[in-house]
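To keep things clear, I will list the structure first and then write my remarks on it.
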Amino acid sequence: MIPDHVPEENVYYGSGDLKKESHVPSFDKYKELYMKSIDNPDEFWGVVAKDFFWKSKPTGPFLSYNFDVTKGEIFIKCMEGASTNICYNLLDRNVHERKLGDRIAFFWEGNEPGDESVVTYRELLQRVCRFANVLRSQGVKKGDRVSIYMPMVIELVVAMLACVRIGAVHSIVFAGFSAESLCERIMDSQCLLLITADGFYRGDKLINLKHLADEALQKCRDKGFPVKRCIVLKHLSKEPEESMDSHSPPAKRSCPDLQVPWNPEVDLCWHALISEASDECEPEWCNSEDPLFILYTSGSTGKPKGVVHTVSGYMLYTATTFKLVFDHQPDDVYWCTADIGWITGHSYITYGPLANGATSVLFEGLPTYPDVSRMWEIVDKYHVTKFYTAPTAIRLLMKFGSEPVQKFKRKSLKVLGTVGEPINPEAWHWYYNVVGEKRCPIVDTFWQTETGGHVLTPLPAATPMKPGSATFPFFGVVPAILNESGEELEGPSEGYLVFKQPWPGVMRTVYGNHQRFESIYFKKFPGYYVTGDGCRRDKDGYYWITGRIDDMLNVSGHLLSTAEVESALVEHRAVAEAAVVGRPHPIKGESLYCFVTLKDGVAYSQMLEAELKKQVREKIGAIATPDYIQNAPGLPKTRSGKIMRRVLRKIACNEKDLGDISTLADSSVVEELFQNRCCPSV
Ligand code: PRX
């Protein structure tokens, strides 16, 4: 399955220096370890598990599972019988056993240049213990769900690890999501408590986060689900005397427009609570398969699914992928630009790096604020060695040319990574040539919220790279490509990307709906985990992701379901029907092109268009704001009334070759839609 030989031509490498210190220095070594991980997973992962602290040992095989719906319920269990605590492994073990207490865990870089602080492993442990005691004093117990809606601040890591320390299950909602989305997620996972902040800046835009949180809590109350407590961090409105939990003096953040509504029945001040809490807190020992966290991801039916990850497998998998894919070394400074509200931030800002005792940059701001050199300025400021970002950010910065990059030296960089969507070769080459100066390998990591960690990826010193290919499977991962009839294709081929067996970090269920888990991922092809992505394997055995093959769109590396946007549109009183498709976008990858049929008697206007965009933004969040809305008095439908999205995609892209449209009920609709297309400026 892994080729014996890799091609010598038309492939790229990083500089040879990396091999000297690398954990996996050659392709042969990768192959040897890969075969071991498949043939003898107990031995392979047993070696990994030795590095961690276990309160009790496993009682059975390393992994047990059923991937075949025809044989009964789907399950995956890793290290059953063992007990541990991830927070203990990430912090106490590093401070006490590995003597890394003085090592910096995070350099925090605020939105505003000059707004910065640092936290060591010892300090992080103290802060987490204090906040864990606060949660306990509020009645949070093992297994309870806690919702977290916070900006990119160290307290977000503190909040998540405090949950983990007491065995509570965190459900982090990206702070760019709307009040409605937050309410939906709080209710679906029946969260006991919400942790939020007053507000934050994204570039020069103030986000009144507490306002949104209050709106969400009101919606929950209206729907009969009152959340009793909301802990509020003062991030922008902190007084100097409230900064005792922070390493550096509070920065001056001018925010005259900040509004922090306060509901004394529900709201509690973070700073007041921690000032009275002890910084010692006995961890709750959890079973391997206890839930660790829930993270919502878009579902093709429109309802987000709560992906559940569990304790031991996720810990081992994120720790190992981080160590090997970024070839982590003790003197590294690592920076992942994702938000912790997404899986990339969970696995590769918090869990993977801290498990390895890594020093990371935690960045609150944007790549373009105050100017488009910000990223490279930060790279030089902290001597970043390993840098991980999304193709959409690379394409955005590429637009401004190489000068803003070359203003900074970037000599510290050793490995570059990308994640979230296929990277087009042009962006890959710019990243490799301009940012990394042909010295740094690019790890194009393919994975999903559901996979917990990287599943197809190069290893920086071992894998010859092909621009745009996620190359080969990580240890323990067995990919296959299936045709429509579910037959495995051999050699060069294209079809559905599936996995034949679990790895430790794969999701275990959809929260509160195991049936949905089985039907989304395991029904179509019994015996396989179905990713929902198309994939091609070339003659050299390299894997190339070709994009989603369901009704999902990937906008700036974020998955959105067309159904979710459509239902937000039809909730507007003027809209009778809506259909949403993706239209390629030079920076975002895909943009949202929406067709709306208005109710009888309603006229289309610019004002209505603006209202519809606002409606979607308010229902879902800014990432789902439609790029184009077209008035569609009729939609192309089959005789049985099914909307032909394939045709709509062609209209959005102005492609006249429609293929077979003989099943269309009324073809005149198509001509009319072509005539009235939105003429996008990009
Ligand atoms: O379509 C694939 C794309 O992102 C999807 C997963 O999205 P999400 O669960 O939000 O997680 C994103 C961060 C891991 C996948 O099904 N995707 C992710 N990484 C890549 C990718 N497509 C191509 N190449 C990648 N490296």
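The values are calculated or read from the model by the stated rules, or taken from the named source; none is laboratory data. Model, not experiment: these values are computed from the prediction. Cβ coordinates were reconstructed from backbone atoms using ideal geometry, including for glycine residues, and neighbour counts include every protein chain displayed. The area values use the complete protein model at the heavy-atom level, side chains included, leaving out ligands, DNA and RNA. Shrake-Rupley method; radii C 1.70, N 1.55, O 1.52, S 1.80 Å.
Some observations on this one:
- Of residues in the stretch 412-441 being of a type in the set (S, T, N, Q) and within 14 Å of the ligand (Cβ to nearest atom), the one farthest from PRO458 (Cα to Cα): ASN424
- Residue selected from the stretch 539-556 under the condition part of a loop (DSSP other than H, G, I, E, B) and either closer than 30 Å to ASP144 by Cβ or within 15 Å of the ligand (Cβ to nearest atom) (or both), by the criterion farthest from the chain's Cα centre (by Cα): TYR542
- Residue within the stretch 89-98 that is at pLDDT 95 or above and in contact with a strand residue (DSSP E or B) (Cβ under 6 Å, 6 or more places away or on another chain) present: no
- Whenever a residue of the stretch 542-555 is at positive phi, its partners that are within 10 Å of the ligand (Cβ to nearest atom), lying with C-beta atoms within less than 7 angstrom and at least six residues away or across chains, give the pairs GLY547/PRO422; GLY547/ASP533; GLY547/GLY534.
- Qualifying residue in the stretch 617-631 (condition: farther than 14 Å from LEU648 by Cβ, assigned to a strand (DSSP E or B) and out of contact with any Lys or Arg (no Cβ under 9 Å at 6 or more places or on another chain)): yes
- Among residues of the stretch 305-334 being touching an Asp or Glu at 6+ places or on another chain (Cβ under 8 Å) and either outside any helix (DSSP H, G or I) or without any contact (Cβ under 8 Å) to a residue 40 or more places away in the chain (or both), the one that is surrounded by the fewest Cβ atoms within 10 Å (Cβ to Cβ) is GLN329.
- Of all residues in the stretch 381-396 being more than 22 Å from the chain's Cα centre (by Cα) and assigned to a helix (DSSP H, G or I), the one that is nearest to the ligand (Cβ to nearest atom): TYR382
- Only residues that are among the charged types (D, E, K, R) and either in a helix (DSSP H, G or I) or buried (at least 24 other Cβ atoms within 10 Å of the Cβ) (or both) were counted across the stretch 79-94, and they come to 2.
- The set of residues in the stretch 1-39 that are in contact with a Gly (Cβ under 9 Å, 6 or more places away or on another chain) and in a loop (DSSP other than H, G, I, E, B) comprises MET1, ILE2, PRO3, VAL6, GLY14.
- Of all the numbered requirements in (1) open to solvent by 20 Å² or more (accessible area, probe 1.4 Å); (2) on the phi > 0 side of the Ramachandran plot, TRP342 misses one, and that requirement is (2).
- Selected residue [within 18 Å of VAL157 (Cβ to Cβ) and either loosely packed, with under 14 Cβ neighbours inside 10 Å or modelled with pLDDT under 95 (or both)] from ASP279, ASP204, ASP222, ASP245: ASP245
- Scope the stretch 553-584; condition open to solvent by less than 30 Å² (accessible area, probe 1.4 Å), under 21 Å from LYS637 (Cα atoms) and not aliphatic (A, V, I, L, M); matching residues: SER561, THR562, GLU564, GLU566, GLY582
- Qualifying positions in the stretch 126-158 - surrounded by 21 or more Cβ atoms within 10 Å (Cβ to Cβ) and free of Cβ contacts under 8 Å to residues at least 40 places away in the same chain: VAL158
- Those residues of the stretch 442-452 which are within 23 Å of LEU18 (Cα to Cα) and more than 6 Å from the ligand (Cβ to nearest atom), in sequence order: ILE442, VAL443
- The numbered conditions (1) part of a loop (DSSP other than H, G, I, E, B); (2) free of Cβ contacts under 8 Å to residues at least 12 places away in the same chain; (3) surrounded by 17 or more Cβ atoms within 10 Å (Cβ to Cβ) are all true for LEU635 except (2).
- Looking at THR359, THR337, just one residue is out of contact with any Gly (no Cβ under 7 Å at 6 or more places or on another chain), within 16 Å of the ligand (Cβ to nearest atom) and either at positive phi or open to solvent by 10 Å² or more (accessible area, probe 1.4 Å) (or both), and that residue is THR337.
- Test: residue in the stretch 113-125 that is at negative phi, of a type in the set (Asp, Glu) and surrounded by fewer than 16 Cβ atoms within 10 Å (Cβ to Cβ): no
- Flag for LEU354 being of a type in the set (A, V, I, L, M, F, W, C), at pLDDT 95 or above and assigned to a loop (DSSP other than H, G, I, E, B): no
- Any hit, the stretch 3-20, residues being under 20 Å from TYR543 (Cβ atoms) and β-branched (Val, Ile, Thr): yes
- Every residue from the stretch 638-682 that is among the basic types (Lys, Arg) and open to solvent by 70 Å² or more (accessible area, probe 1.4 Å): ARG639, LYS642, ARG646, ARG649, LYS656
- Residue selected from the stretch 225-242 under the condition at pLDDT 90 or above and open to solvent by less than 50 Å² (accessible area, probe 1.4 Å), by the criterion farthest from ILE207 (Cα to Cα): PHE225
- Within the stretch 1-42, tally of residues that are of a type in the set (Asp, Glu), under 30 Å from the mean Cα position of the chain (by Cα) and over 27 Å from ASP331 (Cα atoms): 1
- Just one of the listed residues (PRO367, PRO404) is in contact (Cβ under 8 Å) with a residue 12 or more places away in the chain, away from the ligand (no atom under 16 Å from the Cβ) and in contact with a Lys or Arg (Cβ under 7 Å, 6 or more places away or on another chain), and it is PRO367.
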